[in-house]
1. List, please: which pairs have Cβ atoms under 8 Å, are six or more places apart or on different chains, and start with a residue in segment 63-90 that is part of a loop (DSSP other than H, G, I, E, B) and end with one that is among the basic types (Lys, Arg) and within 14 Å of ligand 2 (Cβ to nearest atom)?
2. Looking at Val422, Val392, Val431, Val435, which is the one that is outside any loop (DSSP other than H, G, I, E, B), open to solvent by 20 Å² or more (accessible area, probe 1.4 Å) and modelled with pLDDT of 95 or more?
3. For Thr232, only one of the following conditions fails: (1) touching a Pro at 6+ places or on another chain (Cβ under 6 Å); (2) open to solvent by 10 Å² or more (accessible area, probe 1.4 Å). What is its number?
4. Name the residue that is farthest from ligand 1 (Cβ to nearest atom), counting only residues in segment 78-118 that are out of contact with any helix residue (DSSP H, G or I) (no Cβ under 7 Å at 6 or more places or on another chain) and among the small types (Gly, Ala, Ser).
5. Under 7 Å between Cβ atoms, which residue pairs at least 6 apart in sequence (or on different chains) link something in segment 21-38 that is of a type in the set (Lys, Arg) with a partner that is surrounded by 15 or more Cβ atoms within 10 Å (Cβ to Cβ) and in a loop (DSSP other than H, G, I, E, B)?
6. Of the residues that make up segment 325-335, is at least one at pLDDT 95 or above and part of a strand (DSSP E or B)?
7. Being among the small types (Gly, Ala, Ser) and over 19 Å from Tyr22 (Cβ atoms) is the filter; apply it to segment 72-94 and report the residue that is surrounded by the fewest Cβ atoms within 10 Å (Cβ to Cβ).
8. So is Pro12 more than 9 Å from ligand 2 (Cβ to nearest atom), at pLDDT below 95 and either assigned to a loop (DSSP other than H, G, I, E, B) or open to solvent by 20 Å² or more (accessible area, probe 1.4 Å) (or both) or not?
Amino acid sequence: MSLRELDLNQDPACTTKSLSNYLPKDHPDENKWADCVHCGMCLESCPTYEITGQEQHSPRGRVHLIKSVAEGKLELNQFFSDPVFACLDCRACTTACPADVDVGGLIEEARGQVRQAIPLTGWQGAVSKLFLKGIFPKQTRLNKLGGLLKFYQKSGMQTAVRKTGLIKIMPEHLVEMESIMPEIKQPVRERYKNQTVIKPKGEIKQEVAFLTGCIMDVMFSDINEATINVLTRNGNEVTIPKNQGCCGALHVHAGDRDTGRMLAKQNIEAFKDADKVITNAAGCGCMLKEYPELFQDDPEWHEKAEEFSKKVEDISKHLHDTGYEKPKAELNKRITYHDACHLAHGQGIRQEPRDILLDIPGVEMVHMPNSDRCCGSAGIYNITNPEMAGAVLENKMANVPDDVEMISMGNPGCMLQMAIGVQKYGRNQKVVHTVQLLDWAYQKEDGKGDL
Ligand code: SF4
Ligand code: SF4
């Protein structure tokens with residue numbers, strides 16, 4: 001059946017699960033689409049609809065397709081898979097939807113179904129297996145990957161590969177990623193491996209546990225370090241649980257819910273003694289808060305996941321809610337702020353990071369129009385869907401004010417994507433994490449250097 005044959009006006013509450021073309025395991029939740037009244041108020045918020053103008057690439061169209069498979073009107077096939085995997089899972093549609101339809105949750109469930117029915121094969125299957133199952137879930141392998149990248153950067157190999165033009169054998173989007181790769185430093189989990197509890201500088205005001213993340217700790221260990229500095233400066237005793245792992249967001253986004261569940265169980269166990277779990281990556285925080293979604297058919301783990309998810313807090317909200325020392329040193333920078341989708345739409349955190357920036361003396365905030373529009377990073381979307389990601393990034397960069405020196409945000413994937421945008425469109429802004437700016441202001445106050 002083609003999309004044109006699908007009647008968008010039929011009764012949305014009418015579902016016939018018995019005719020469903022979905023597989024029984026991880027069946028998408030019909031309560032999630034039951035409230036969609038096809039009003040279309042989500043259309044303008046959707047970056048992929050903005051670019052394609054096609055209904056199947058809109059939130060309303062995707063919800064309808066997902067419901068149609070459940071009603072046995074559409075097969076679980078490539079026609080269904082394409083719009084489901086072209087979604088950025090940015091959640092802007094849920095913010096726009098008056099009925100709070102959880103389109104992102106439905107998309108993730110639909111992807112789980114597609115990957116059960118149509119597993120990736122060939123080189124795509126091999127690459128996916130290598131990274132999603134072989135590397136990301138294993139901290140030691142991630143550290144080895146970090147070590148290789150560091151060797152590539154420091155040994156002169158990177159310079160040689162760039163100078164000889166050898167780099168051009170890679171696809172264009174991977175060349176772009178290589179060109180903005182941050183300097184690889186020692187992961188904080190390696191640095192603190194013999195000291196999993198880090199005491200604050202003064203009196204202990206609260207105890208928190210810190211999720212260091214997978215890519216975050218390899219590519220952005222300096223941001224993890226800044227997070228620990230800021231927490232300890234503000235009276236937090238920071239525990240880094242040894243057995244923590246990747247949050248599983250990349251796996252769930254890719255439709256691999258089994259590995260997502262395995263990692264969720266690992267983290268729930270690793271953080272079971274913590275009162276609060278702090279993250280500095282919006283995508284990880286959103287995933288941790290949504291762990292209960294992975295255990296709909298497992299009451300025991302669902303309860304554990306519910307308990308765990310209540311303890312999760314983004315660093316900006318934690319600092320804001322617990323009160324932090326306002327820095328005294330001036331940074332004197334013009335800064336704009338990009339709302340990471342999984343912070344703004346996924347967790348409803350918008351004002352807290354802005355307040356932190358405004359509390360730094362000398363910072364001049366410049367408004368970014370459509371600041372909560374996706375940048376096109378979306379986990380590994382910029383690798384799997386480079387053309388659409390590039391078009392989304394182009395729209396994003398058009399909204400970045402010309403006269404700012406820095407773009408601040410709270411998610412590592414966005415930082416990489418925005419850095420590509422800055423380079424590609426000849427801009428000169430520095431891309432920074434909000435917590436880094438606060439840490440720099442503290443360091444300057446302590447006479448430890450300037451930006
Ligand atoms: S705004 Fe919500 S209810 Fe309206 S079409 Fe979009 S998803 Fe459905
Ligand atoms: S999650 Fe984002 S890309 Fe996907 S349908 Fe919603 S607005 Fe569009």
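1. Matching pairs, first to second residue: Cys87/Arg62.
2. Every option except Val431 fails the conditions.
3. Checking Thr232 against (1) touching a Pro at 6+ places or on another chain (Cβ under 6 Å); (2) open to solvent by 10 Å² or more (accessible area, probe 1.4 Å), the one that fails is (2).
4. Within segment 78-118, the match that is farthest from ligand 1 (Cβ to nearest atom) is Ala117.
5. Qualifying pairs under 7 Å: Lys32/Val101; Lys32/Asp102.
6. yes
7. Across segment 72-94, the extreme among qualifying residues is Ala86.
8. For Pro12, the condition - more than 9 Å from ligand 2 (Cβ to nearest atom), at pLDDT below 95 and either assigned to a loop (DSSP other than H, G, I, E, B) or open to solvent by 20 Å² or more (accessible area, probe 1.4 Å) (or both) - is met.
The values are calculated or read from the model by the stated rules, or taken from the named source; none is laboratory data. Everything quoted here is computed from the prediction, not taken from an experiment. Cβ sites come from the backbone with ideal geometry, for glycine too, and all protein chains shown count toward neighbours. Remember, those area values only see protein heavy atoms, side chains included, never the ligands or the DNA or RNA. Shrake-Rupley method; radii C 1.70, N 1.55, O 1.52, S 1.80 Å.
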